[in-house]
1. Confirm whether A:Val106 is under 22 Å from the mean Cα position of the chain (by Cα) and more than 14 Å from every other protein chain (Cβ to nearest Cβ).
2. Taking segment B:109-141 only, how many residues are surrounded by fewer than 19 Cβ atoms within 10 Å (Cβ to Cβ) and either outside any helix (DSSP H, G or I) or within 14 Å of chain A (Cβ to nearest Cβ) (or both)?
3. Need at least 2 residues that are at pLDDT 90 or above, among the charged types (D, E, K, R) and over 15 Å from the mean Cα position of the chain (by Cα) per element, so show me which helices (runs of 4 or more DSSP H) inside segment A:164-235 make the cut, counting only ones lying wholly within it.
4. Working only within segment A:117-171, note down all residues that are touching a residue at least 24 places away in the same chain (Cβ under 8 Å), within 16 Å of B:Tyr99 (Cβ to Cβ) and either basic (Lys, Arg) or touching a Ser or Thr at 6+ places or on another chain (Cβ under 7 Å) (or both).
5. State whether the residues of segment A:131-147 include one that is under 30 Å from B:Glu154 (Cβ atoms) and within 14 Å of another protein chain (Cβ to nearest Cβ).
6. Quick check, is A:Trp252 within 13 Å of another protein chain (Cβ to nearest Cβ), in contact with a Phe, Trp or Tyr (Cβ under 7 Å, 6 or more places away or on another chain) and either at pLDDT 90 or above or farther than 30 Å from B:Asn96 by Cα (or both)?
7. Test B:Leu87 against the stated conditions and say whether it is within 14 Å of chain A (Cβ to nearest Cβ), in contact with a helix residue (DSSP H, G or I) (Cβ under 9 Å, 6 or more places away or on another chain) and modelled with pLDDT of 85 or more.
8. Being part of a loop (DSSP other than H, G, I, E, B), at pLDDT below 85 and either more than 25 Å from the chain's Cα centre (by Cα) or closer than 15 Å to A:Ile127 by Cα (or both) is the filter here, so list the residues in segment A:33-82 that pass it.
Amino acid sequence: MKRLHKIKRGIALPVTIVIIWEILSLNIGNSFILPGWELIVPVLIHPMDSLFGGASLFENGVISLERVLIGFLLATVIAVPLGLLSGWSERVDEYFNPLIQILRPVPPIAWMPLAIAWFKIGFGSLIFIIFIGSFFPVLISTVEGVHNVRIRWLEVAESLGATTKEKFVTVIIPGALPFIWTGFRLAFGVGWMCLVAAEMLPGTSAGLGYLIMYAYNLGQIQVIVAGMIVIGIIGIVSDYLFRCGQTRFFDWQGKE
Amino acid sequence: MNNILEINNISKIFAENNSLCKAIDNVSLTLTKKEIVCLMGPSGCGKSTVLRIISGLDTADSGIINGDEWISADSLHTAMVFQEHSLFPWLSVAENIGYGLRMKTRFSSEQQVNQKVSQLLALVRMEEFANALPHQLSGGMKQRVAVARALAVEPDILLMDEPFSALDPFSRRELQDEVLNIRYHLDTTFFIVTHNPEEAVYLANRVIILTKRPATVLKEVTIPFSYPRNMVDPEVLDLIQEVTEMITSGRGKAEVN
């Protein structure tokens, strides 16, 4: 019962907005400004249909997801080892920390001109932007995770005969893993947002960001709204999957 | 005598707020095989530091351990049980117990590890919980696992730093009986830091009492009663009282000797 009430309260506002939207759209009567849901829903329920003679909503979504995954994986492959070392060794941290603090506040999209200069418009520059966006959350969470490993665990390991290398592999890494996972979750979210923004820049030729920008140029507002909804749904679902992973694998965290 | 550990005149100095502070001052003690020795003293006197030096987690600044001028006890065969929060929360009970055996220095095959782990699970009566994660266990069960994990590496001396003080009185007595039971089955020497005189008199063959900082040995008391001890026996109660008073007197350095 309680759950049902919670769901009811949760959908109250979205439903209200949809209704107000529809009333406004009927009053305005101009689908170039506010298209009615009778135009938006057909786009959403036929995601496989070709749009504007090109790729479908689904295909554009897959292209965007692929890009995010590649950029995200590249970022984790570099950020996790660097974060582990940086958290473990003060000296490594002293080398890297100032540079990281300087680069971190720069919005990933601000790298776009450089990205285009270095990698040309298209795949390479997009991957680079996602890499930049995902890199810092993973790195910072990993360092944080290592710092949160209890000294006590390391002492136990040492008392039971673990070498430095064994302490690193059997205590530091598993002990930091819940934080690293949280970093993944944040990084994927940031990467996804950066990607869509980067895809909207001139010169790209596929992806959800490209699709909604292209739809704008053609005055197809209902496709923009449908595209935005899909962008939101992919964001929610990926975040949900990361949270499932958290409860599945790191149930022990904070419960001692 | 079956001396397993002989410490002569170890001292340790800490740097604290830009000044040097002597934590331990010429502490000497011996441990023999298969005995239970409790280390007591006013809180903050450096009991844990003595234990950490023996375990190799800390080093002494001067002194002799087992005839050698070691100030580090790295190669002494010990294992440590801490007060709490010491289990690896991501490993199951069985994996925690097997942890030390899987370290490279131990050269154990997976089959040997499993065999040893089953033995220890039985010894501390945790077979049913082999696959449980630490956060699913009660405080007393966690400490039993911590004891089993330390025993797995077959230490000559099991060092325990206030191992039962975070437990409720009932679990504490259960764990104390567990220690007596293990001592009955194994040759391990137990060296236990405690602040509870009742616990010391219940468990120990000998109680070593330290003075306040800088710690020196104030007195050694041999407990003459056989196991299991009757904790309402007037003689036992008197001894608990006596030990308590010695610790209190150890707070004033003037009263030493």
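1. So A:Val106 passes the test.
2. 10
3. Passing ranges, in order: A:164-167.
4. A:Arg150
5. No, segment A:131-147 has no match at all.
6. no
7. yes
8. The answer is A:His46, A:Asp49, A:Leu51, A:Phe52, A:Gly53, A:Gly54.
The values are calculated or read from the model by the stated rules, or taken from the named source; none is laboratory data. Since the model is a prediction, treat every value here as computed from it, not as a measurement. No Cβ is skipped: glycine too gets one built from the backbone with ideal geometry, and neighbour counts run over all protein chains shown.
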